[in-house]
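Just passing along the structure, written as structure tokens.
We did not get these values from a lab; they are worked out from the coordinates using the rules stated. Since the structure is predicted, the reported quantities are computational estimates derived from the model, not experimental observations. Methodologically, a virtual Cβ is constructed for each residue, glycine included, from the backbone with ideal geometry; neighbour enumeration extends over all protein chains shown.
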Amino acid sequence: MLKFRRVTARKGFTMIELMVVVAIIGLLAAVAIPNFVRYQARSRRSEAFANVAGLARAQGAYLAERNSFVDTDASYPDPAMYSGTLGTLTMPWDADSENAFSLLGWEPEGQVRYSYASWTGASPGGTGCAGCELCFTGVAYGDVDGNNSVQTVQYVHPQVVGGATTVCIEPLNGDPAPVDAGGSPIYNSVAARSNSDF
């Protein structure tokens with residue numbers, strides 16, 4: 001007596017179903033990855049906001065004691081000493097950085113992704129307030145999204161004499177004070193020069 005085996009069909013996914021799943025995953029990745037990169041850059045930028053605010057407080061304390069602001073003449077730490085350029089990597093707060101800000105008694109905690117400076121009317125190459133002693137601009141220079149475009153986060157404290165406002169424009173990029181949505185300069189507050197790169 002012959003016995004017939006019953007052949008059962010194996011269940012699985014068709015090629016079309018697999019291609020649809022791969023397309024959906026690709027679409028989700030195309031949306032999610034750029035958003036994740038922007039989120040990382042924003043989180044790295046928070047370092048600059050916190051540190052520039054601390055720098056401004058230190059400058060305020062120094063002004064109360066000495067009636068002037070401290071000029072660093074350059075930005076610290078120098079990225080050329082570490083990665084060669086500003087980017088997503090961190091740099092140590094080295095001895096040169098400590099010396100530059102020692103009069104203020106200010107330094108950030110741990111390693112930094114930004115290079116910091118304080119510009120006054122005494123800055124070599126500084127513009128906007130040649131000779132004024134009661135204005136300063138604290139700046140963080142960074143490229144936290146790694147696209148080779150340096151962005152600045154600034155705290156601009158102007159000097160107002162007889163109703164005329166003079167500002168220490170940071171000399172490295174020549175960036176004026178950040179502006180609000182209405183185009184007015186933002187003074188005495190930490191602000192990004194441009195939000196287009198974050």
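Going by alpha carbons, how many degrees (0 to 90, nearest 10) lie between the helix axis of 15-66 and the longest principal axis of the chain?
Tilt relative to the chain: about 20 degrees.
Please identify, among Tyr114, Tyr76, Tyr39, the residue showing maximal mean-square fluctuation in a Gaussian network model of the chain using a 10 angstrom Cα cutoff.
Its mean-square fluctuation being the largest, the pick is Tyr39.
With springs only between Cα atoms under 10 Å, which of Thr166, Thr14, Thr120 fluctuates most in a Gaussian network model of the chain?
It is Thr14.
Another question about this same structure. From the residues Ile24, Gly87, Tyr62, which one has its Cα farthest along the dipole of segment 15-192 in the positive direction, the dipole being from +1 and -1 charges on Cβ of Lys/Arg and Asp/Glu about the Cα centre?
Among Ile24, Gly87, Tyr62, the one farthest towards the positive end of the dipole of segment 15-192 is Ile24.
I want to verify a result. In a Gaussian network model of the chain, Cα cutoff 10 Å, which of these has the top mean-square fluctuation: Ala41, Ala32, Ala23?
Per the Cα network of the chain with a 10 Å cutoff, Ala23 tops the list.
Spin-label point model (7 Å from Cα, Cβ direction): what's the Leu63 to Asp78 distance in nm?
With each label placed 7 Å out from Cα toward Cβ, I get 3.0 nm.
If you don't mind, there's one more thing I want to ask. Hey, of (1) 11.4; (2) 18.6; (3) 17.8, which did the structure itself give for mean projected area of the Cα convex hull in nm² when calculated?
This structure yields the entry labelled (2).
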